[in-house]
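The values are calculated or read from the model by the stated rules, or taken from the named source; none is laboratory data. The structure presented is a predicted model; accordingly, all values stated were derived computationally and were not measured. Here Cβ is always computed from backbone atoms with ideal geometry, including for glycine, and neighbour counts include all displayed protein chains.
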Amino acid sequence: MRIYDADVDLTAVRTFVAAVDAGQFQLAAAELAITQQAVSKRVAALEKDLGVRLFARAARGVHLTIDGQAFLPHARALLDAADRASDSVRPGRRPLRVDVIRRRVAVAGVLRDFHRAHPEFDLDVITLFASEEAIAAVRSGTIDATFRAVAAPGRPLPDGIEAVPVLNEPLHLCVGPGHPFASARSVTPGQLSGHRVWMPGNEPGTEWTAYYDALAAEFGFTIDTIGPNFGVDALIDTIADSSTLATFLSDRTPLVWPVGHDLRRVPLRDPTPVYPHSLLWRADNPHPALAALREYLESPRPDDPGTDIWIPDWARSVHRES
């Protein structure tokens, strides 16, 4: 069988496969909720497009010709590909695509909890870098939602993008056993003045750098970003051996370090700095899993840090509107 420039009608191909499976045009018509004459016309049109006969008609029904047998597996594959293409963009049939920046952040754990509560929804977990990239992906429909500390100072959200605060993540000071705050039950942000808070992963232009810069300016200490960023594991290795370095972590960040490190997480109090995670999505996104995720995230959380918290001024607008 040779096909030259044939524009194959998917409806006709689907009718062909239904007729093969049913064994009779009459039964295929009943399955497709059309007339037997419509089945015959669709199959005849497909045969004309392909330039071959697909069925041999007989009194008891139809059976495939050699060309029909050759075409059948390709027809099934064509319909399968069409269905998968349609499902990839059909709300409720494709996975919900959510950006969490990194998989070892607190909101990734919240997303895991949502999936445990709603296993009926498939999830694709995406990790994008900066907020501009993530918001652009939401606007284009590449992803359905992103967890971000809203945009950044002076960068309002684009039209059509909505945001709601979903998690205030309390910060802890992470220090090694030789640090002056190693035995403290808690410290205030103001006590950090004169101490070295080392965060080599803070890069200019990112929303987390904007957050920590605002925190340092508010309470009079300096964030040190000098040094190559080898990741969190290398960071805590260095902190464990230092009597002067400290960094910020959360008790909700899933980390495991060697017992010999004897690292301490010291809570920050009066006020408690919290990293304000918000969920951002496109207002016209109809995905049912997105609605379920928003409902899940907006329900009261038993581990909410309360009202004595600090967040940057540029994040408060989202909190006031919620």
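Identify, from the list G190, G227, the residue that is over 28 Å from D308 (Cα atoms), touching a helix residue (DSSP H, G or I) at 6+ places or on another chain (Cβ under 9 Å) and exposed (fewer than 14 other Cβ atoms within 10 Å of the Cβ). Steps first, please.
Numbers: G190 fails: over 28 Å from D308 (Cα atoms).
Among G190, G227, only G227 is over 28 Å from D308 (Cα atoms), touching a helix residue (DSSP H, G or I) at 6+ places or on another chain (Cβ under 9 Å) and exposed (fewer than 14 other Cβ atoms within 10 Å of the Cβ).
Residues that are basic (K, R) and under 16 Å from L167 (Cβ atoms) within the range 104-123 comprise R104, R112, listed in sequence order.
What are the residues in the range 40-88 that are within 18 Å of A28 (Cβ to Cβ) and in contact with a Ser or Thr (Cβ under 8 Å, 6 or more places away or on another chain), if any? Passing the criteria: R42, V43, L46, R53, L54, F55, A56. For the range 230-254, a residue qualifies if it is surrounded by fewer than 16 Cβ atoms within 10 Å (Cβ to Cβ) and within 23 Å of R112 (Cα to Cα), and the qualifying residues are G231, D233, D251, P254.
Can you work out which of the residues in the range 3-42 that are closer than 20 Å to P73 by Cβ and touching a strand residue (DSSP E or B) at 6+ places or on another chain (Cβ under 7 Å) is surrounded by the fewest Cβ atoms within 10 Å (Cβ to Cβ)? Don't jump to the end; show me each part of the working.
First, pick out the residues of the range 3-42 that are closer than 20 Å to P73 by Cβ: 3, 6, 8-23, 28, 42.
Add one more test, that the residue is touching a strand residue (DSSP E or B) at 6+ places or on another chain (Cβ under 7 Å), and what stays is 19-20, 23.
Working: A19: 27, V20: 20, G23: 13.
My answer is G23.
Of all helices (runs of 4 or more DSSP H) completely enclosed by the range 43-153, which ones contain at least 1 residues that are among the small types (G, A, S) and buried (at least 21 other Cβ atoms within 10 Å of the Cβ)?
Working: elements: 66-87, 106-117, 131-140.
Helices (runs of 4 or more DSSP H) meeting the threshold: 66-87, 131-140.
Cβ-Cβ distances below 8 Å connect the following pairs, each with a first residue in the range 49-74 that is within 14 Å of D21 (Cβ to Cβ), a second residue that is of a type in the set (K, R), and a separation of six or more residues or different chains: G68/R53. For the range 134-150, the tally of residues that are without any contact (Cβ under 8 Å) to a residue 60 or more places away in the chain and over 12 Å from the mean Cα position of the chain (by Cα) stands at 2. The set of residues in the range 26-42 being modelled with pLDDT under 90 and either assigned to a loop (DSSP other than H, G, I, E, B) or more than 43 Å from the chain's Cα centre (by Cα) (or both) consists of Q26, L27, A33. Of all residue pairs spaced 6 or more apart or on separate chains, those with beta-carbon atoms under 7 Å, a first member in the range 222-238 that is under 21 Å from R264 (Cβ atoms) and a second member that is of a type in the set (D, E) are I223/D213. Tell me whether the range 303-322 contains one or more residues that are out of contact with any strand residue (DSSP E or B) (no Cβ under 7 Å at 6 or more places or on another chain) and at pLDDT 90 or above. Checked against the condition, which is being out of contact with any strand residue (DSSP E or B) (no Cβ under 7 Å at 6 or more places or on another chain) and at pLDDT 90 or above, the range 303-322 yields no hits at all.
Taking the criterion of being loosely packed, with under 15 Cβ neighbours inside 10 Å and modelled with pLDDT of 90 or more, the residues of the range 193-223 that qualify are S193, A217, G220.
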